[in-house]
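Read the figures in this text as sums done on the coordinates, not as results from a lab. Here the structure is a predicted model, which means the values were calculated and not measured. Virtual Cβ from ideal backbone geometry, glycine too; neighbours counted across all protein chains shown.
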Amino acid sequence: MTTLDLLREDRVLSVVRAPSIDDARDLCAALVAGGIHVIELTFTTPELPRHLERAASGSGDTGAVVGAGTVQTFAHAQQAIDAGAQFLVTPGQGPEAAAIVDAAQRGGVPVVLGSFTPSEVMTAMALGADAVKIFPAHHLGPRYLKDLSGPFPGVPLVPSGGVNAGNARQFLEAGALAVSAGTDVVSPADVVDGRWADITAKATAFRAALR
């Protein structure tokens, strides 16, 4: 099953932003136990490649698909792929967007390019993105995503930023492939302190809200 196939099934990926990660493998196991298998660790966390390696090395046991987010440069992309990242996500399209896509394609991993406007969605697909992250999604809400789905019916859209258990289902009904769950599921404090049971409970609740 590909990463996109798994996203179609789970309808959610978890984005982890924390000043440190107590144990990336245990974090992934906690999220999978709550029903979220696709996990994005971001370059806003120091020493991300080390955490990616830890998470990726245990993916066979945990069942997690672990990728790198906030990828802004070719160097980021290559570091993440070398560390075992199974997908890449960018916050937008900077001057190295094409190089990031090239690195992902050479590494055999899917890439999700960040966009906000219709023009950026078109550019992302022209560059070779496998899916498009709509960020920040909460400013214009599910109605905006539905508007985007009109001219781009075949484009996998993943809203991110401000998506929570209260509005996630609306984004899915508006045409999203899946939604990005952030601090609503994984709070920085829970990650730093290793409160895995709390993360599992929040992931379980988020998945239940999607149904």
Expressed in nm to one decimal, what extension gain is obtained for the pair residue 209 and residue 57 from 0.36 nm per residue of sequence separation less their Cα-Cα distance?
51.6 nm
Using +1 on the beta carbon of Lys and Arg, -1 on that of Asp and Glu, and nothing else charged, what's the dipole of the range 1-151 about the Cα centre, debye to 20?
340
Computed FRET value (nearest 0.05) for residue 98 with residue 201, which takes r as the C-beta separation and R₀ as 45 Å:
0.65
Of 77, 171, 67, which is farthest towards the positive pole of the range 3-210's charge dipole, taken about the Cα centre with +1 and -1 on the beta-carbons of Lys, Arg and Asp, Glu respectively?
171
Can you give the calculated 222 nm mean residue ellipticity of the chain, where each DSSP H run of n ≥ 4 adds -39,500 (n - 2.57) and the sum is split over every residue, rounded to the nearest 500 deg cm²/dmol?
-13000 deg cm²/dmol
Using the 2.2 N^0.38 Å rule of thumb for compact globular proteins, work out how the chain stacks up: its C-alpha Rg over that value, please.
0.93
Hey, could you get me the Stokes-Einstein D for the range 106-148, Kirkwood radius over alpha-carbon pairs, 20 °C and 1.002 mPa s, rounded to whole µm² s⁻¹?
195
Residues 65, 89 in order from fewest to most other beta-carbon atoms within 10 Å are 65, 89
Inter-label distance for residue 164 and residue 75, nm, one decimal - labels placed 7 Å from Cα along Cα-to-Cβ:
3.7
